[in-house]
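Take a look at the structure set out below.
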Amino acid sequence: MKYDFAEIERKWQKRWETEGVFKREEDPNKEKYYMLEMFPYPSGNLHMGHVRNYSIGDVIARFKTMQGYNVIHPMGWDSFGLPAENAAIERGIHPDKWTRSNIDTMREQLKGLGFSYDWSREIATSSPEYYKWTQWLFLQFYKKGMAYKKKSSVNWCPSCETVLANEQVVNGGCERCSTEVTKKELEQWFFRITEYAQRLLDDIDKLEDWPEKVKIMQKNWIGRSEGAMVSFQIQGFDEKIEVFTTRPDTIYGVSSMVLAPEHPLVPKLVEGTEYEEPVKEFRKRMEHLSEISRTSTEAEKEGLFIGRYVINPMNGKEVPLFIANYVLMDYGTGAVMGVPAHDQRDFEFATKYNLPIIPVIKPRDESIDMDNLDQAFEADGVMINSGPFNGLDSKQGITKVIEYMEAKGIGEGKVNFRLRDWLISRQRYWGAPIPILYCDKCGMVPVPEEDLPVLLPTDVKFTGKGNSPLSTSESFVHTTCPKCGGSAKREVDTMDTFVCSSFYFLRFTDPNNHDHPFNMDKTKYWMPVDQYVGGVEHAILHLLYARFFTKVLYDMGLSPVEEPFSRLLTQGMVLKDGAKMSKSKGNTVSPEEIIAKYGADTARLFILFGAPPERDLEWSDQGVEGSFRFLNRIWRLVTESYQEVMNNDLGAEDTLSGQDKELRYVLHNTIKRVTTDIGERFNFNTAISAIMELVNATYDYLEKNRDGNLNRGILKEAITNMMIMLAPFSPHIASELWELVGMEGSVHDQKWPKWDPEALIKDEIEIVVQVNGKLRGRLTISAEATREEMEEIALGHEKIKESIAGKNIVKVIAVPKKLVNIVVK
RNA sequence: GCGGAUGUGGCGGAACUGGCAGACGCGUACGGUUGAGGGCCGUAUGAUAAUUGCAUCGUGUGGGUUCGAGUCCCACCAUCCGCACCA
């Protein structure tokens, strides 16, 4: 009988669907397991990265199910986003139509791979039923003051024609299209993620089963630093300049104050002076430079004295005021106090502009000539030239100086974060409209909850140019104020798609709820996600936003957990010829093509066998053939021996021959290896190789017992367990074989096997004998042999006698069940 | 510059607690089956070669600890990834 994968896969997929095999409900008597993979953007076609991501998830889901857990394994679509809009611009297809047809295609592709999704929980973020809740949550954020609008300098992608959050600017370019990002002064909506900075940071330590790499990236992104906020009075003005410093202990060494060129006070300070023109020019020049070229470490420090002075509040000293390229308006207060003796950047700046370099910290061992520094001394030491603080250890100095400043009212201790508030407005059409109105009388008014969803209008022109596309729809923009009934205009920006994906894992627990985003009883049962799988590219973006949302919802009493994902697995990329598969490089392999040629089971098997999940996987056509060969081999093994398999129960234990015992040993060792490799180590590649070894051993057993002496019970035990263990990886063929040999029920309903420790006990084992650490012989001895017995046998062995003849035995090391090492001189 | 990861045959990768390096798969060679090809089955496959011997060398490089190191320690090299004037 031939292995007709196409027929088999069609048959089982259909059966799984009609029987609703993967539908799950809450069951208080069963322990739940929430298996989730990052849902895809419906670009139109599944790629190998998806196949890998979802194959990993499916193995875990099926494995956990067989282990008796009530497994929820949902799938949906992150279906808002720019490509749909571009399709509308380029081809005149409405984004909704384009998106829906892509979803239909990809859903079929996912089904064609035989993944065990509960399709009754399917959601699409672009459906009004879903984005109603995106908008509803926005309103809750708004009520709590977690959503606010402000005018500020924001990142603008000229190609996507929209603003971007800080997290979406990668190397100075747009996260989507890599176009260099510019700055724009705009009024935009933000989520107050900075309010949660400390908690987001603290709770990283609770995420024990997240990759260290991702945790470090998040910590760095949040960027907490401790220091002080100090006010410097501007001479001749009422205003003060606030400055953040992590080194208040060096404040007596300040010899300049440097502002970001775009600092709001600057124009006022130079107005009507000889500095006005040069400053204007300087600011203009900086504006045109990209963030990246302006702030790269290589760029030379460039500044301009603006003719004003500030007063160091600690010693009353006059300090010149500059603007300079390396000071960013984004971080701290957009001002830096220059302490050249103890900060390398300030040192370079001071050297260039001939500013005094005043040492205020000296090393404890006085190894450096502090009066002739050739670079900044940034380490700790003892305070000098610091008035009352002289002689103090600089670490203590930090606390003391802060105490002093607080007492005098000139400054205070302060924790600063690098994290900025999350900019969520987008000047695009294909996103959830922000549910806000602007009334001539009442001002800004949130849309009442009962009026949700604010539907996307269909009469919009897609030009790809100009303002938010929603502003082109008259029927959308003009509305009435719910407060006063007067005329009002709608907000025309939509929300960042990352908002939609920040709570989808909660919605999956209750996807069809029309009255609430999700029911607490359901979220309590299913949350948190036990295992999340996705690419590292979301290490900061999606994973930080989702954590933030979950915390806000927790505080609102809408989420039962503070952290959404207990364990995270970031899978590696799929490479071809050493590079990431991409259309532009022309090195793609389409999943459909592979499925057509070898079937889904082979595709899944190969992608899991090729490398451990977190590592990159090099695609290999020959490797795929190897996986296909293996499935054929197992197919033949079962179909050719199944009559024997079926005709008997397990043979009596006492009649086991050496061969029988050996096969049973291999079987139970395989069960042990596969169970721990899937369940604990996520090393699917080694789990699969263990199954391959079992198949090889079974063939070997059949070959050696051609004469009919085989133990049918043991053969049956080996083959049935083999099918069960194959089931999470290649579910169709496992199901078909299970049915073919006439086993009861479905292979997927079988309990995951337990290994029998008895079967793993060997009477005799092979040990190694070494002389001075070098292999000199092998011995088969009783597994129970003691150290002394092992030594004795080893020393009596012919080969060993030869090797040690005429030498003195210094020491003998015997490790039970492993080896004997004889040290001679 | 800082942080992280990775370096093992011709290739993808195993080796879990320091104990036979190279499991499993690919590729290759030879043999069998076949009219032939494919498929399948078997054997071999790290390098070295006047000594086919449980020989010597061998896990990026150099040192160290140990009876014993791919694994632990120190120094370095290479590649990849993330951050990058963060005050």
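The residues of the stretch A:215-256 that are in a helix (DSSP H, G or I), within 12 Å of RNA strand B (Cβ to nearest atom) and within 27 Å of A:Ile361 (Cβ to Cβ), listed by number, are A:Asn220, A:Pro248, A:Asp249, A:Thr250, A:Ile251, A:Gly253. Against the definition (touching a Leu at 6+ places or on another chain (Cβ under 9 Å) and either modelled with pLDDT under 85 or closer than 22 Å to A:Trp635 by Cα (or both)), how does A:Tyr699 come out, yes or no? Against the criterion (touching a Leu at 6+ places or on another chain (Cβ under 9 Å) and either modelled with pLDDT under 85 or closer than 22 Å to A:Trp635 by Cα (or both)), A:Tyr699 qualifies.
Residue-wise test of (1) surrounded by 19 or more Cβ atoms within 10 Å (Cβ to Cβ); (2) more than 28 Å from A:Glu449 (Cα to Cα).
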residue	(1), (2)
A:Met75	yes, no
A:Ala88	yes, yes
A:Gly92	no, yes
A:Thr99	yes, no
A:Trp119	no, yes
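A single member of A:Glu537, A:Glu563, A:Glu592 is closer than 28 Å to A:Phe682 by Cα, away from RNA strand B (no atom under 16 Å from the Cβ) and surrounded by fewer than 18 Cβ atoms within 10 Å (Cβ to Cβ), and it is A:Glu592. Residues in the stretch A:453-471 that are over 14 Å from A:Pro433 (Cα atoms) and either hydroxyl-bearing (Ser, Thr, Tyr) or in a helix (DSSP H, G or I) (or both): A:Thr463 alone. So, A:Val181, is that one among the β-branched types (Val, Ile, Thr), without any contact (Cβ under 8 Å) to a residue 12 or more places away in the chain and either surrounded by 15 or more Cβ atoms within 10 Å (Cβ to Cβ) or within 15 Å of RNA strand B (Cβ to nearest atom) (or both) or not? Against the criterion (among the β-branched types (Val, Ile, Thr), without any contact (Cβ under 8 Å) to a residue 12 or more places away in the chain and either surrounded by 15 or more Cβ atoms within 10 Å (Cβ to Cβ) or within 15 Å of RNA strand B (Cβ to nearest atom) (or both)), A:Val181 does not qualify. Cβ-Cβ contacts under 6 Å between residues 6 or more apart (or on different chains), taken from a first residue in the stretch A:714-731 that is modelled with pLDDT under 95 to a second residue that is of a type outside the set (A, V, I, L, M, F, W, C), are listed as A:Ile714/A:Asp660; A:Ile714/A:Arg664; A:Ala718/A:Thr698. Give the number of residues within the stretch A:320-352 that are surrounded by fewer than 20 Cβ atoms within 10 Å (Cβ to Cβ) and more than 10 Å from RNA strand B (Cβ to nearest atom). Residues that pass the stated criteria total 3.
Taking the residues in the stretch A:753-774 that are closer than 30 Å to A:Ala727 by Cβ, aliphatic (A, V, I, L, M) and surrounded by fewer than 18 Cβ atoms within 10 Å (Cβ to Cβ) as candidates, determine which candidate is farthest from RNA strand B (Cβ to nearest atom).
The initial filter retains those residues of the stretch A:753-774 that are closer than 30 Å to A:Ala727 by Cβ, namely A:753-762.
Subset that is aliphatic (A, V, I, L, M): A:759-761.
Cutting the leftovers down to surrounded by fewer than 18 Cβ atoms within 10 Å (Cβ to Cβ) gives us A:760-761.
Details: A:Leu760: 12, A:Ile761: 15 Å.
That would be A:Ile761.
Say whether the condition of being within 43 Å of the chain's Cα centre (by Cα), at pLDDT below 95 and either more than 8 Å from RNA strand B (Cβ to nearest atom) or among the small types (Gly, Ala, Ser) (or both) is met by at least one residue in the stretch A:274-283. Outline the logic, then answer.
In the first step, residues of the stretch A:274-283 are kept if they are within 43 Å of the chain's Cα centre (by Cα); the result is A:282-283.
Remaining after also requiring at pLDDT below 95: A:282-283.
Checking which are either more than 8 Å from RNA strand B (Cβ to nearest atom) or among the small types (Gly, Ala, Ser) (or both) leaves us with A:282-283.
Yes, because at least one residue in the stretch A:274-283 is within 43 Å of the chain's Cα centre (by Cα), at pLDDT below 95 and either more than 8 Å from RNA strand B (Cβ to nearest atom) or among the small types (Gly, Ala, Ser) (or both).
Does the stretch A:180-197 contain any residue that is of a type in the set (Gly, Ala, Ser) and at pLDDT below 90?
Within the stretch A:180-197, the subset of a type in the set (Gly, Ala, Ser) is A:197.
With at pLDDT below 90 added as a condition, the list becomes none.
Scanning the stretch A:180-197, I find no residue that is of a type in the set (Gly, Ala, Ser) and at pLDDT below 90, so the answer is no.
Looking at the stretch A:753-774, which of the residues that are among the aliphatic types (A, V, I, L, M) and closer than 13 Å to A:His797 by Cβ is farthest from the chain's Cα centre (by Cα)? Give the derivation first.
Quick first cut of the stretch A:753-774, residues among the aliphatic types (A, V, I, L, M) only: A:759-761, A:765, A:767-769, A:771.
This time we only want the ones that are closer than 13 Å to A:His797 by Cβ, so: A:767-769, A:771.
Numbers: A:Ile767: 45, A:Val768: 45, A:Val769: 48, A:Val771: 50 Å.
Ranking the qualifying residues of the stretch A:753-774, first place goes to A:Val771.
When the test is whether a residue is β-branched (Val, Ile, Thr) and either farther than 22 Å from A:Ser126 by Cα or part of a helix (DSSP H, G or I) (or both), A:Val492 does not pass it.
Do we have any residue at all in the stretch A:494-514 that's within 16 Å of RNA strand B (Cβ to nearest atom), over 27 Å from A:Arg681 (Cα atoms) and either among the small types (Gly, Ala, Ser) or touching a Leu at 6+ places or on another chain (Cβ under 8 Å) (or both)? Among the residues of the stretch A:494-514, at least one is within 16 Å of RNA strand B (Cβ to nearest atom), over 27 Å from A:Arg681 (Cα atoms) and either among the small types (Gly, Ala, Ser) or touching a Leu at 6+ places or on another chain (Cβ under 8 Å) (or both), which makes the answer yes. Of the residues making up the stretch A:406-428, those that are crowded, with 18+ Cβ neighbours inside 10 Å, within 14 Å of RNA strand B (Cβ to nearest atom) and among the aliphatic types (A, V, I, L, M) number 1. Give the stretch A:540-556 a look and list any residue that's crowded, with 22+ Cβ neighbours inside 10 Å and not aromatic (Phe, Trp, Tyr), or say none. A:Leu543, A:Leu544, A:Ala546, A:Arg547, A:Thr550, A:Val552, A:Leu553, listed by residue number. Residues satisfying the criterion are absent from the stretch A:775-796 (criterion: in a strand (DSSP E or B), crowded, with 21+ Cβ neighbours inside 10 Å, at pLDDT 85 or above and within 15 Å of RNA strand B (Cβ to nearest atom)).
The values are calculated or read from the model by the stated rules, or taken from the named source; none is laboratory data. Source: prediction; values computed, not measured. Ideal geometry is used to build each Cβ from the backbone, glycine not excepted, and the neighbour counts take in all protein chains shown.
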